[in-house]
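Here is the structure we will look at, set down as structure tokens.
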Amino acid sequence: MLTAAQLQTIDEECDRVLHQNWREGERLSDGVPFHYTCPSPGRYPWQWYWDSGFAAIAWRHFDPTHSELELRSLLAAQREDGFIGHTIFWNEPLSDWHRFTYNITSADATMTASIQPPLLAWAWRIAVGDPGEEPPIAPTDWPPFRCSSSATAAWATTCAGSPPPAVRCAAR
């Protein structure tokens, strides 16, 4: 069992590393603001999808504002179709040799074209709160149906991500 002094030392070291590795700014190409915890400043200076989820959970113990900023930065990086890459290259472009090992579509790509399993909603719920209680993050036309309120409620609670039964809905 760890002593109170040992726990305090661990707590202080975690806080120090999180603050030391915190990055924020605006993407030079379009002015999009970013805030994230750099997992390894010398080797991996970019924002990583999974790392950001777990960093946000850790931040909630030290500065909950950083938790939300970290996750909102992932959302700010998304493409128009909602895709968020495995690695986001805010203002640190890939060097020539990295281009051969990262799945990118062009030399000036802002993120990789690959993804890890989804973690964002889970991390948001733990670090920030229930995503269902948050205002919409991005406007959407999904689902592409008009439904009665009971059909919409049933779809939202049981079939998130798939369209509601066509019998009770009509295309928009």
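Laboratory data are not the source of any read-out in this text; all were calculated from the coordinates shown. This is a predicted model, so every value here is computed, not measured. When we count neighbours, we look across all protein chains shown, and the Cβ atoms used for this are built from the backbone with ideal geometry, even at glycine.
Here are some notes:
- Going from the fewest other Cβ atoms within 10 Å to the most, the residues I88, I104, I115, I10 appear in the order I10, I115, I104, I88.
- Stretch gain in nm, segment E133-T3, where the contour uses 0.36 nm per residue and the Cα spacing is subtracted: 42.9 nm
- For region 36-101, the square roots of the Cα gyration tensor eigenvalues, ordered a ≥ b ≥ c, give a/c of at least 1.5 with a/b no greater than b/c, which places it in the oblate category.
- Fewest-first ordering of S67, S40 by other beta carbons within 10 Å of each residue's beta carbon gives S40, S67.
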